[in-house]
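Comments concern the structure below.
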Amino acid sequence: MTTSMSAQIATAATSATGRKDRNDRKVVKPTPAELMEDTGTGLDYGTRPDRMPGYLTPTDRFYIRSHAPTPHVDAATWTLHVEGQGVHKPIAYTYDELWKRFPLVSVVRTIECAGNRRVLFGEEIGRTFDGTQWGRGAIGTAEWTGVRLRDLLGPAGITSGACEVMPEGLDEIRARLPVPLAKACADDTLVALAMNGEVLPADHGFPARLVVSGWLGAASIKWLGRIEVSEEHLYVPWNTVDYVLIGPNFPAHKPARGPAITALTVTSMVELPWPAKLLPEPQMIRGRAFAGENRIATVRYRIDDGPWQDALITSPVAPGVWVRWQFSWNPVPGEHTLRVRATDDQGNTQPDVSPWNELGYLHQSVLAHPVRVESRARHGR
Ligand SMILES: Nc1nc2c(c(=O)[nH]1)N[C@H]1C(S)=C(S)[C@@H](COP(=O)(O)O)O[C@H]1N2
Ligand SMILES: [Mo]
């Protein structure tokens with residue numbers, strides 16, 4: 001895998017530049033409407049929940065969430081700096097060194113934006129939120145290959161007082177969000193160089209991105225340029241004004257407007273369009289459930305006012321990745337409502353209403369998925 005990946009490095013960089021020259025798009029990969037939902041920002045594209053063929057999200061439809069245009073980084077001259085008061089000896093790595101000097105690790109992990117389902121959150125409470133207008137598509141699962149962050153920190157010598165590690169992106173906004181040292185040193189916190197067996201695509205962070213298992217997507221900083229190790233808590237826009245919970249239930253901690261979002265909460269989705277149209281015949285209904293750093297324990301579903309029943313979980317269950325589930329249904333013609341409620345191994349369960357917060361984050365309510373069932377003669381009209 002390594003050899004073929006290195007062979008692709010040149011191609012990845014060239015094609016990125018080529019496309020940028022041809023038009024003014026802010027992202028590089030094609031985002032066809034059959035696979036991705038355009039949120040209208042030119043930067044953010046969701047995965048269509050009904051276009052997820054297997055357990056992993058294929059890279060061609062993996063959602064993109066960027067606060068600024070995809071930067072074009074030349075891996076040949078790029079270096080990753082590890083520095084800050086929390087290291088004894090600052091160090092810089094070249095791209096080649098990252099591939100060769102450290103053990104390569106592959107993990108399958110889900111990345112989800114804290115703002116996923118923001119539109120549905122607005123509908124739930126009868127208002128709209130500012131921010132990217134996400135439906136259900138700001139979530140995806142990939143196999144990430146790279147180097148453990150702790151392996152990169154080691155040679156710099158972490159001080160005994162170090163407490164936070166802050167990756168910084170090379171995009172226009174210099175995206176950065178600190179994570180506690182323990183989380184930074186976890187087995188599955190990676191500096192990823194590849195995604196689904198291919199060199200990391202430009203939009204997903206080429207040449208290197210962080211993958212922080214179970215945390216809000218914003219922690220998985222793309223286009224890494226610098227990693228700061230600190231001996232004190234760092235305040236940056238993303239943990240004081242942007243990715244914080246603001247509202248009556250969430251006390252502000254100055255200078256932060258509210259508690260910073262860390263691990264994600266338990267959620268689920270049905271792999272059908274919204275609203276869905278089905279034929280009145282026996283069929284398998286499939287979906288996903290995700291519980292951040294926890295494991296999914298059960299997934300239950302309910303059709304209209306019927307009983308809650310167990311769906312069958314058909315994939316491995318682990319922290320930091322979604323599960324796939326299914327149940328069979330032979331629907332009768334008419335309008336139906338499908339509800340799914342996932343519960344994690346800590347006893348957290350999807351509520352009927354999500355705690356309101358000004359920026360519309362962490363929507364996790366049981367969704368009332370509208371389904372119309374029509375006979376073949378009327379279907380498709
Ligand atoms: N440098 C940088 N990293 C970033 C972002 C960004 O705008 N700049 N967006 C973050 C957010 S909010 C999310 S949800 C994830 C999305 O990752 P993806 O685009 O690969 O799906 O990247 C995170 N990493
Ligand atoms: Mo995000």
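The values are calculated or read from the model by the stated rules, or taken from the named source; none is laboratory data. Quick caveat: nothing in here was measured; it's all calculated off a predicted structure. Cβ atoms come from the backbone with ideal geometry, glycine included; neighbour counts cover every protein chain shown.
Table: residues versus (1) at pLDDT below 95; (2) of a type in the set (Gly, Ala, Ser); (3) surrounded by 20 or more Cβ atoms within 10 Å (Cβ to Cβ).
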| residue | (1), (2), (3) |
| --- | --- |
| Pro273 | no, no, no |
| Pro282 | no, no, no |
| Ile285 | no, no, yes |
| Ala291 | no, yes, yes |
| Ala297 | no, yes, no |
| Arg302 | no, no, no |
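Could you say whether any residue in region 324-343 is of a type in the set (Asp, Glu), in a strand (DSSP E or B) and within 21 Å of the chain's Cα centre (by Cα)? Steps first, answer last, please.
To start, the set of residues in region 324-343 that are of a type in the set (Asp, Glu) comprises 335.
Now narrow it down to the ones that are in a strand (DSSP E or B): 335.
Of the ones still in play, those that are also within 21 Å of the chain's Cα centre (by Cα) are none.
The answer is no, given that none of the residues of region 324-343 is of a type in the set (Asp, Glu), in a strand (DSSP E or B) and within 21 Å of the chain's Cα centre (by Cα).
Checking Arg209, Arg226 one by one, the residue that is among the charged types (D, E, K, R) and more than 10 Å from ligand 1 (Cβ to nearest atom) is Arg226 and no other.
Look at Val107 and say whether it is free of Cβ contacts under 8 Å to residues at least 24 places away in the same chain, buried (at least 19 other Cβ atoms within 10 Å of the Cβ) and within 21 Å of Phe290 (Cα to Cα). So Val107 does not fit the description; no. Residue pairs whose Cβ atoms lie under 9 Å apart, separated by 6 or more positions or on different chains, with the first residue in region 135-150 and among the acidic types (Asp, Glu) and the second part of a strand (DSSP E or B), are Glu143/Ser106; Glu143/Val107; Glu143/Val108; Glu143/Arg109; Glu143/Ala194; Glu143/Met195. A single entry from Val317, Val241 fulfils the requirement of being within 16 Å of ligand 1 (Cβ to nearest atom), closer than 30 Å to Lys183 by Cα and not in a strand (DSSP E or B): Val241.
I need the full set of residues from region 229-239 which are away from ligand 2 (no atom under 16 Å from the Cβ) and surrounded by fewer than 20 Cβ atoms within 10 Å (Cβ to Cβ), in order please. Across region 229-239, the qualifying residues are Ser230, Glu231, Glu232, His233, Leu234, Tyr235. With the structure loaded, tell me whether Pro103 is over 23 Å from Pro259 (Cα atoms), more than 16 Å from ligand 2 (Cβ to nearest atom) and part of a helix (DSSP H, G or I) or whether it fails that test. No; evaluated as a whole, the condition is false for this residue. When the criteria are applied in full, Gly46 fails the requirement of being surrounded by 15 or more Cβ atoms within 10 Å (Cβ to Cβ), in contact with a Ser or Thr (Cβ under 6 Å, 6 or more places away or on another chain), closer than 21 Å to Leu210 by Cα and modelled with pLDDT of 95 or more. Looking across region 110-144 at every residue that is under 30 Å from Asp74 (Cα atoms) and more than 16 Å from ligand 2 (Cβ to nearest atom), the one that is surrounded by the most Cβ atoms within 10 Å (Cβ to Cβ) is identified as Trp144. In region 17-33, the residues that are modelled with pLDDT of 50 or more form Cβ pairs under 7 Å with partners that are of a type in the set (A, V, I, L, M, F, W, C), at six or more places apart or across chains, as follows: Lys26/Leu43; Val27/Leu43; Val27/Ile64; Val28/Ala16; Val28/Ala202. In region 365-381, the residues that are assigned by TED's automatic domain parsing to the domain that holds Ala289 and part of a loop (DSSP other than H, G, I, E, B) form Cβ pairs under 7 Å with partners that are among the hydroxyl-bearing types (Ser, Thr, Tyr) and at pLDDT 90 or above, at six or more places apart or across chains, as follows: Ser365/Ser354; Ala368/Thr337.
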